[in-house]
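Below is one structure, written out as structure tokens; comments come after it.
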Amino acid sequence: MRLFRLELKRVIKTRTTWILLAAALLISVLMAWLPVTFETRNVVEDGVEKELTGFDAIRVKRQAQAGIAGEITEAQLKAAAETAVRVLREYEKEYMYQLPTEVYVEKILPVAPLLSRVPEVYADAETGMAPGIAALDPDWLDHFYESCPVHLKNLMKLEQRDYPEAGEKAEKMYAKVKMPFVFYPGYSTNAYDYQMLTIFLLVLLCVIIAAPIYSAEYQTHADDILRCAKYGKGKLAVIKLAAAMLITAVSFALCMALHLILSNSFFGWDFLKSSMQLVFSTVSLSAMTIGQLQLAVAAAGFASLLASVSFTLFLSSRCQNTVAALALALLFFLSPIILFMASGGNGISWLRCLLPSGGVSILGGFASEMTDFHFLHIGSRCIWTPYVILGAALVEIPVFTVLTIRSYCRHSQ
């Protein structure tokens, strides 16, 4: 235990570590604040149109949509559609953004979250193209919740035409989604995107902290002395690994908790009870609320953090200097993004999802896959992408932990 405390002090007191931990704290706060600055709302006050931003825009939106908070019935959806169709015809407009600001704020804003999700359910089964609000027949909404599984089935036929098992699995998952949907105003998809970006940056900083854990002592030849000590091989390898894992894990957990507390405080805590189907897609496969989705993404990010750090420690135990260790760590960390941009094929998708940092990638990571319908294929078998990402991370943690210790001990011989 004494050696463990000394190793913790050694790593924490390093100037680079302090700078990176301070940066992680700053990022957590900044990324919670930035989505607030993107909130804008045009209103008319005393006959003058003005643009509200930040908290003022959030306040106006929450007040306007307070009347639809709670369970969303088919009657509410139908009434919202009837209002939208009537207003568009009255002003001879095709799209709602073409309406006068005062009319939009008074008539459309209070039901806008419902209208944004309705058209996709009535998309054409052959082309997947959704009709505009003006083309909707409000009477269709008398059977809205019955139409949702039908739309999902049609969608999976379009996206997974050659893999019927994917459609069957998607339908089974969607059968667990609670209906009617629940909605509370305030949340913005920008906040979700910035949670994903925050996790990416936090894990990146932790990887940089972990990269020199072993290689720095190889480079300075301090390891030549340590390996001659009583506990200079296996025990020291475990202590170094445990210290690095503890520092990065605690840092990530604290920063992520701070980010979510601030973000949810800015937008309002009640929205956490909203169904993700009314925020992202009506046929999102997961039966989660926004609050549960936030926690799931944070938990998957934590698993990917441990996988990425354990892999980085393995690289550090193999490299003779810190530059090589850091360069390789960053290359592998960014590889899922590069692979996503290079190809969307099944083989490449498997590779990027299996990489330790696949879950925190800002392109095709766990957070984005949770709101999508991507399946990976092995022959005729199909697996939903988030399951692959999370499963791979959980397997990689013990595998790279063992490989790191073994590599360090072999190097010390």
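Some points to look at:
- If the condition is being surrounded by fewer than 19 Cβ atoms within 10 Å (Cβ to Cβ), among the aliphatic types (A, V, I, L, M) and in a loop (DSSP other than H, G, I, E, B), then segment 60-87 contributes only Ala69.
- Within segment 189-199, restricting attention to residues that are over 9 Å from the mean Cα position of the chain (by Cα) and open to solvent by 10 Å² or more (accessible area, probe 1.4 Å), the residue that is farthest from Ile12 (Cα to Cα) is Thr189.
- Search result, residues across segment 14-69 that are of a type in the set (Val, Ile, Thr), closer than 30 Å to Leu99 by Cα and touching a Leu at 6+ places or on another chain (Cβ under 8 Å): Thr40, Val43, Val60, Ile68
- The one condition in (1) modelled with pLDDT of 95 or more; (2) among the β-branched types (Val, Ile, Thr); (3) outside the structural domain of Ser368 (by the TED database) that Val177 fails to fulfil: (1)
- Within segment 316-355, the set of residues being outside any helix (DSSP H, G or I) and over 20 Å from the mean Cα position of the chain (by Cα) comprises Cys319, Gln320, Asn321, Ser343, Gly345.
- Screening Gly167 on (1) open to solvent by less than 30 Å² (accessible area, probe 1.4 Å); (2) in contact (Cβ under 8 Å) with a residue 24 or more places away in the chain shows it passes everything except condition (2).
- Of all residues making up segment 13-36, the number that are under 16 Å from Gly54 (Cα atoms) and outside any helix (DSSP H, G or I): 0
- Test for Glu90: is it under 18 Å from Thr40 (Cβ atoms) and open to solvent by 70 Å² or more (accessible area, probe 1.4 Å): no
- Near pairs, Cβ below 6 angstrom, 6+ apart or cross-chain, from segment 284-300 (open to solvent by 20 Å² or more (accessible area, probe 1.4 Å)) to any residue that is of a type outside the set (Gly, Ala, Ser): Ala287/Lys176; Ala287/Val177; Met288/Met276; Thr289/Lys273
- Output for segment 356-370, where each listed residue is in a loop (DSSP other than H, G, I, E, B), open to solvent by 10 Å² or more (accessible area, probe 1.4 Å) and out of contact with any Leu (no Cβ under 8 Å at 6 or more places or on another chain): Pro356, Leu363
- Beta carbons closer than 8 Å, at least 6 apart along the sequence or on distinct chains, pair a first residue in segment 120-138 that is among the hydroxyl-bearing types (Ser, Thr, Tyr) with a second that is at pLDDT 80 or above and open to solvent by 60 Å² or more (accessible area, probe 1.4 Å) for Tyr122/Trp140.
The values are calculated or read from the model by the stated rules, or taken from the named source; none is laboratory data. Predicted, not measured: the structure shown is a model, and the values here were computed from it. Reconstructed Cβ throughout: ideal geometry from the backbone, glycine too, with neighbour counts over all protein chains shown. Note: areas computed on protein heavy atoms with side chains; ligands, DNA, RNA excluded. Shrake-Rupley method; radii C 1.70, N 1.55, O 1.52, S 1.80 Å.
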